[in-house]
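Every read-out reported here was derived from the displayed coordinates using simple, explicitly stated rules and does not represent laboratory data. Here the structure is a predicted model, which means the values were calculated and not measured. Here the Cβ positions follow ideal geometry from the backbone for every residue, glycine too, while neighbour counts run over all protein chains shown.
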Amino acid sequence: MAIEDYKNVWTLGEVRNGEISSVSYELLAWGKKLSEKLGVKLCSVVLGRDIKGKVQSLFEYGADEVYVVDDPNLEHFLPDVHARICESLVNEYKPEILIASATTYGRTLMPVLAAKLGTGLTADCTELDVDLNERILLQTRPAIGGNVMATIKTPKHRPQMATVRPKSKKPLERDSSKSGNVISKEYPQEIYKSRYKWISFEKDESSDSPIQEADVIIAGGKGMKDEKNFKMLYDLAKVLDGSVGASRPAVDMGWIPYSHQIGLSGKTVSPHFYMALGISGAVQHIAGMSSSEIVVAVNKDPDAPIFKVADFGVVGDALEILPALLKKIGHKGEENE
């Protein structure tokens, strides 16, 4: 099949707990820029159970067309089943670009799908663009430990596939008047046979919600000195109705679970308010939080790189400033009551 036969930009929507996940809307923001440059449709693919009646929101956030596979066998994510269905859809409709979020779902499914389709895949992109002269997707991502930015192309195979970090782009403004074309697909039961067996889902009890969804994040690093001092971060996060994050050194030392790690090897976050306490600001960490709206940094080193991305900086010991801050906020809270 000739490359010219592949058209349209596809995003891989996600379903969590029977609902369309917010990362699906972020992907449409990525895809809209590409589809407009190429002059093609922006389409989304959704696989799940009892999901067909819930895809209207995808149109409201930018999709022109939605491919839906709604079947009881899709209640849980089974990688081989989802990969076979996506492979069938791609072979039938031939998108030129397919992007997914670098969530557990996207990071598991996309490599399998790329191998099945015999095409390339660039993971954890921080920027996507189009070279209109060659009609090629430009896939930019950090390389060599985040010290350089590499732009990668897939010139000879289609679709061109990439994943992007969750929270790396905000959804488009919602347009409740927008609608589009829903294409429902059904497949024989043979396609749903899996080598996997769903056992159970265990929630991470160290946080109330995924850190990527938090509007306020209080993050600690090596400057917190000890695991017991992280309790103050949790106390502050509770007062501010936020979540606790951490740099890689704090996670490596076992002070906090990996699910709280922010950076290239952890989560990408984009909260309204981000407070970094005792974090020097290595390039890998900054790559995971630089899109935060307001950044406050506390560090003893006045030359710490974190101050370069901070809106407000405090040169001082986090272990001295944090207790004073908690006392002050607690005092105000009592007065307000």
Anchor LYS153: lysines whose Cα lies under 16 Å away (excluding residues fewer than 8 positions away in-chain): none
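May I ask you to give the average projected area over all directions of the convex hull of the Cα atoms of the range 3-192, in nm² rounded to one decimal? Intermediate results must be reported in sequence, preceding the final value.
Values: hull surface 41.8 nm².
Over all viewing directions, the range 3-192 projects a mean Cα-hull area of 10.4 nm².
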Just need the relative contact order of the chain here, percent rounded to a whole number, with Cα pairs under 8 Å and 6+ apart. 14
How big is the antiparallel share of DSSP beta bridges in the range 4-92, given as a percent to the nearest 5? 15
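Output the Kirkwood hydrodynamic radius of the range 111-174, Cα pairs only, in Å rounded to one decimal. Before the final figure, lay out each step's value.
On the way: mean 1/r = 0.0777 Å⁻¹.
It is 12.9 Å.
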Among TRP10, TRP255, which comes first, then next, by fewest other beta-carbon atoms within 10 Å? TRP255, TRP10
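Specify whether the C-alpha gyration tensor of the range 211-336 places it in the rounded, prolate or oblate class, a ≥ b ≥ c being the square roots of the eigenvalues: rounded for a/c under 1.5, otherwise prolate if a/b is larger than b/c and oblate if not.
rounded
Highest first, please rank the peptides 226-234, 59-67 by the mean number of other Cβ atoms sitting within 10 Å of their residues. Let's see the in-between values first.
Numbers: 226-234: 15.9, 59-67: 22.7.
Listed from highest to lowest mean packing, they are 59-67, 226-234.
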Distance cut-off 23 Å, Cα to Cα: go down the list LYS167/LYS203; LYS267/LYS327; LYS32/LYS169; LYS7/LYS54 and report the pairs above it. LYS267/LYS327; LYS7/LYS54
Simple spin-label estimate for TRP198 and ASP131 in nanometres, 7 Å along Cα-Cβ: 4.3
What does the helix-only formula give at 222 nm for the chain: each DSSP H stretch with n ≥ 4 adding -39500 (n - 2.57), the total divided by the residues, and the result rounded to the nearest 500 deg cm²/dmol? -8500 deg cm²/dmol
